[in-house]
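**Q** My questions will all concern the structure given below.
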Amino acid sequence: MVEKRMIRFLLVFSIIISVSIGFVKSHNDGGEWSCNSDSEIRIEADFRPGIITLDGHPDDWNDVDGFEFSLLPALDPHEDDAYEAGKMTVKALHDGNDVFFMLQVDSPYAYSKGENTKCPSVALMFQVGENASYHNMGGCKESPDSCSRKTCRGHEVDIMHFSIGNAIPGRLYGGNPIDNREGNGGDRFGHLVDLYTWNPHCRYLDGISPSGNDSSAQNDWKGAWWHDSFQVLSGFVEEDSPYSSVGQNGKYYFEFSRPLRTMDRLQQDVQFSIGQSSNMAVAFWYPIDGKPWHGSGHYSVSCDWLPLDVSLGSSVVTKAASRSSGWDAASAFSLLLSVAAFCLSVFVGYYVSKNKSIPFTPMDHL
Ligand SMILES: *[C@@H]1O[C@H](CO)[C@@H](O)[C@H](O)[C@H]1NC(C)=O
Ligand SMILES: *[C@@H]1O[C@H](CO)[C@@H](O)[C@H](O)[C@H]1NC(C)=O
């Protein structure tokens, strides 16, 4: 019996996680917030080292499964009011050190240099505190005069927000030595900032707080953007703005990375662990009909937290299988080692599959 289950586990273990395309159902009845999100949607960040260049270009993500979402108004999510131009596809992976995200949005080109609210914009939000809700960005009940690390303890949310009005396509923005020397999450060059919130009214750059600043903070994010309508052989410079003609069809691409762990000591950054899940959300702003967007006029891919699984590496099988030639002592020995490592991983996986309290979603899907 045990053997059968082991074989079944082996099969499961070697099957690549399938793409699941999710739809979110939600409604907002008379002021009382409610959300029926499809609980099966999980963003999978597989271990895929060495394939991503952080340049805003999507080609290197072609072999990575994406998750497609309708973009519904974040504050009043109705299917009828979805972003008309198209959907957003979210992709994620990690390389053992950094986690990477690619957001692709079907959208005509809009750009107005220096005016962030007349350009599209995206944000990622992550749960940090154990009691931080998706709704109301942490959901702390305090007002701006009373919210603090103490009064809102447990409601911390981590946010990365990229506004592209001053960001040249294909160039890297986010954490840089000048802003990081000042010890906060700002980005004076491209406005790809690292924030934390307790609720929508208590929102600060990392390191800045109403009760005093802490210069140990950093902007830990990096990112770039791109649009299909660009035709350029070498790099863009600022003088090329608006880089393409407004209204051209195509997709926007927003690409980000962050170390799995940061040096945050203030409960302002989410910390990712390989083999564990985090909760995230994705927001999108767009100047509809050329009108500037406002802060709360964003679309969201979900009306509650979306689980993000940072998965274990699972390339041992492929490595053992690809060792078919050159049977010298060294390769035989390394094969022996990888078989031993594989058996260990099967044992761990089997143990995990028995112990349901440890999240291990590939098993749950089957
Ligand atoms: C979260 O809420 C629970 C229940 O109200 C409480 O017991 C716990 O202390 C809270 N956690 C934090 C970190 O405040
Ligand atoms: C904290 O930093 C911000 C931005 O640099 C600054 O405006 C504010 O005066 C600082 N607060 C304190 C208490 O030093």
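**Q** Of the conditions (1) closer than 30 Å to Ser70 by Cβ; (2) within 20 Å of the chain's Cα centre (by Cα); (3) assigned to a loop (DSSP other than H, G, I, E, B), Arg171 clears all except one; give me its number.
**A** (1)
**Q** Within 16 Å of ligand 2 (Cβ to nearest atom), among the polar types (S, T, N, Q) and either modelled with pLDDT under 95 or more than 24 Å from Trp293 (Cβ to Cβ) (or both): does that describe Asn131?
**A** Criteria not met by Asn131.
**Q** For region 258-279, indicate whether the set of residues that are in a loop (DSSP other than H, G, I, E, B), of a type in the set (Ser, Thr, Tyr), at pLDDT 95 or above and surrounded by 15 or more Cβ atoms within 10 Å (Cβ to Cβ) is non-empty.
**A** yes
**Q** Pro210 - would you say it is crowded, with 22+ Cβ neighbours inside 10 Å and either away from ligand 1 (no atom under 16 Å from the Cβ) or under 20 Å from the mean Cα position of the chain (by Cα) (or both)?
**A** No: the conditions fail for Pro210.
**Q** Can you name every residue in region 256-294 that is over 16 Å from the mean Cα position of the chain (by Cα) and without any contact (Cβ under 8 Å) to a residue 24 or more places away in the chain?
**A** Ile288, Asp289, Lys291
**Q** While we're on this one: Suppose we filter Gly174, Gly138, Gly185 for residues that are of a type outside the set (Ser, Thr, Tyr), within 13 Å of ligand 2 (Cβ to nearest atom), at pLDDT 95 or above and buried (at least 24 other Cβ atoms within 10 Å of the Cβ); which single one remains?
**A** None of the other options fit; the residue is Gly185.
**Q** Can you name the residue in region 189-218 that is away from ligand 2 (no atom under 11 Å from the Cβ) and in a loop (DSSP other than H, G, I, E, B) and, of all such residues, is nearest to Gln268 (Cα to Cα)?
**A** Here the residue is Asp206.
**Q** Looking only at residues that are within 16 Å of ligand 2 (Cβ to nearest atom) and touching a His at 6+ places or on another chain (Cβ under 8 Å) in region 141-171, which one is farthest from Phe230 (Cα to Cα)?
**A** It comes out as Cys147.
**Q** Among the numbered conditions (1) away from ligand 1 (no atom under 16 Å from the Cβ); (2) β-branched (Val, Ile, Thr); (3) part of a loop (DSSP other than H, G, I, E, B), tell me where Ile159 comes up short.
**A** Checking Ile159 against (1) away from ligand 1 (no atom under 16 Å from the Cβ); (2) β-branched (Val, Ile, Thr); (3) part of a loop (DSSP other than H, G, I, E, B), the one that fails is (3).
**Q** I've got another one for you. Under 7 Å between Cβ atoms, at least 6 apart or on separate chains: pull out the pairs that start in region 193-207 with a residue that is within 15 Å of Asp220 (Cα to Cα) and end on any residue that is of a type in the set (A, V, I, L, M, F, W, C) and not in a strand (DSSP E or B).
**A** Taking only residues 6 or more apart or on different chains, the pairs are Asp194/Trp221; Asp206/Ala217; Gly207/Ala217.
**Q** Please verify whether region 90-112 includes one or more residues that are away from ligand 1 (no atom under 16 Å from the Cβ), within 30 Å of Lys291 (Cα to Cα), without any contact (Cβ under 8 Å) to a residue 40 or more places away in the chain and touching a Gly at 6+ places or on another chain (Cβ under 6 Å).
**A** yes
The values are calculated or read from the model by the stated rules, or taken from the named source; none is laboratory data. Everything quoted here is computed from the prediction, not taken from an experiment. Backbone-built Cβ (ideal geometry, glycine too); neighbour counts: all protein chains shown.
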